[in-house]
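Here is the structure we will look at, set down as structure tokens.
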Amino acid sequence: MPKDARPRECSVADTLDLVGERWSLLVIRELSYGVRRFDQIFRNTGASRDILTSRLRKLEANGIIRRERYSDHPARYEYHLTPAGVELCDVLLVLMRWGDRHLHADDPPVRWQHSCGHPVSPVVICRHCGNEARQGAHSPTGRGALTS
């Protein structure tokens, strides 16, 4: 990084440092589908074993997933989302919706059905007024909002 560069402080950047590469998000996807064991996650993500091991350790160290032993001899573990990991599933649903609209408009590869019986179609809304967040999002504030 150039020495005069001053990256903006931002929760988006901090989150991407933690989960912003393909394999971490695909691990979270698999766990949200109910896949719990290393070999299944390995098969369904396509990550190499060493990369997958690294990502699982990083996600565990940062409180996104937890391991539970299911076998003593040999020691084997299942992986589960923590409450923080479950919250990341909301992000995946929004990413999936974007991909369905812009990459797979004719035939989305996965469809989720909500308990109400309709297809899941997530929208980010403002908790206070109920309107879509992006339509009213303006005037950033805080230490990372500097524009110059």
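In debye to the nearest 20, how big a dipole does the range 68-148 give about its Cα centre with +1 on each Lys and Arg Cβ and -1 on each Asp and Glu Cβ?
300
Once the Cα atoms of helix 83-102 and of the chain are each reduced to a long axis, what angle between those two axes, in degrees from 0 to 90 to the nearest 10, is obtained?
Approximately 70 degrees, to the nearest ten.
Scan (1) 39, 39, 28; (2) 57, 51, 30; (3) 47, 31, 22 for the value of Cα extents along the principal axes in Å calculated from this model and give just the label.
Identified label for the calculated read-out: (2).
Return the sequence-ordered ³J(HN,Hα) values of the range 104-118 in whole Hz as given by the Karplus equation 6.51 cos²θ - 1.76 cosθ + 1.60 applied to θ = phi - 60°, using x for Gly and Pro.
Couplings: 9, 4, 7, 7, x, x, 9, 10, 9, 10, 7, 4, 6, x, 9 Hz.
Under a point-charge model restricted to the Cβ atoms of Lys and Arg (+1) and Asp and Glu (-1), what is the dipole moment magnitude of the chain relative to its Cα centre, in debye to the nearest 20?
Here the size comes out at about 220 debye.
To the nearest 10 degrees, how steep is helix 22-32 against the longest Cα principal axis of the chain, on a 0 to 90 scale?
70
Label HIS80 and SER48 with points 7 Å out from Cα along Cα→Cβ: what is the distance between them in nm?
A separation of 3.2 nm, rounded to one decimal place.
Could you work out [θ]222 nm for the chain from helices alone, using -39500 (n - 2.57) per DSSP H run of at least four and dividing by all its residues? Round to the nearest 500 deg cm²/dmol.
On the way: 6 runs with 65 residues, N = 148.
It comes out at -13000 deg cm²/dmol, rounded to the nearest 500.
What order do LYS3, LYS58 take when sorted by accessible area (1.4 Å probe), most exposed first?
From most exposed to least exposed: LYS3, LYS58.
If you count, for each residue, the other Cβ atoms within 10 Å and average over each peptide, how do 108-121, 59-72 line up from highest to lowest?
So the order, starting with the most tightly packed, is 59-72, 108-121.
Would you work out the relative contact order for the chain, in percent, from Cα pairs under 8 angstrom that are 6 or more residues apart?
19
Full extension from GLN135 to LYS3: what is 0.36 nm times the residue separation minus their Cα-Cα distance, to one decimal in nm?
On the way: separation 132, 0.36 × 132 = 47.52 nm, distance 3.66 nm.
Going from the current span to full extension adds 43.9 nm.
The values are calculated or read from the model by the stated rules, or taken from the named source; none is laboratory data. Source: prediction; values computed, not measured. Backbone-built Cβ (ideal geometry, glycine too); neighbour counts: all protein chains shown. The protein model used for the area step is the full one, side chains on, heavy atoms only, and it has no ligands, DNA or RNA in it. Shrake-Rupley method; radii C 1.70, N 1.55, O 1.52, S 1.80 Å.
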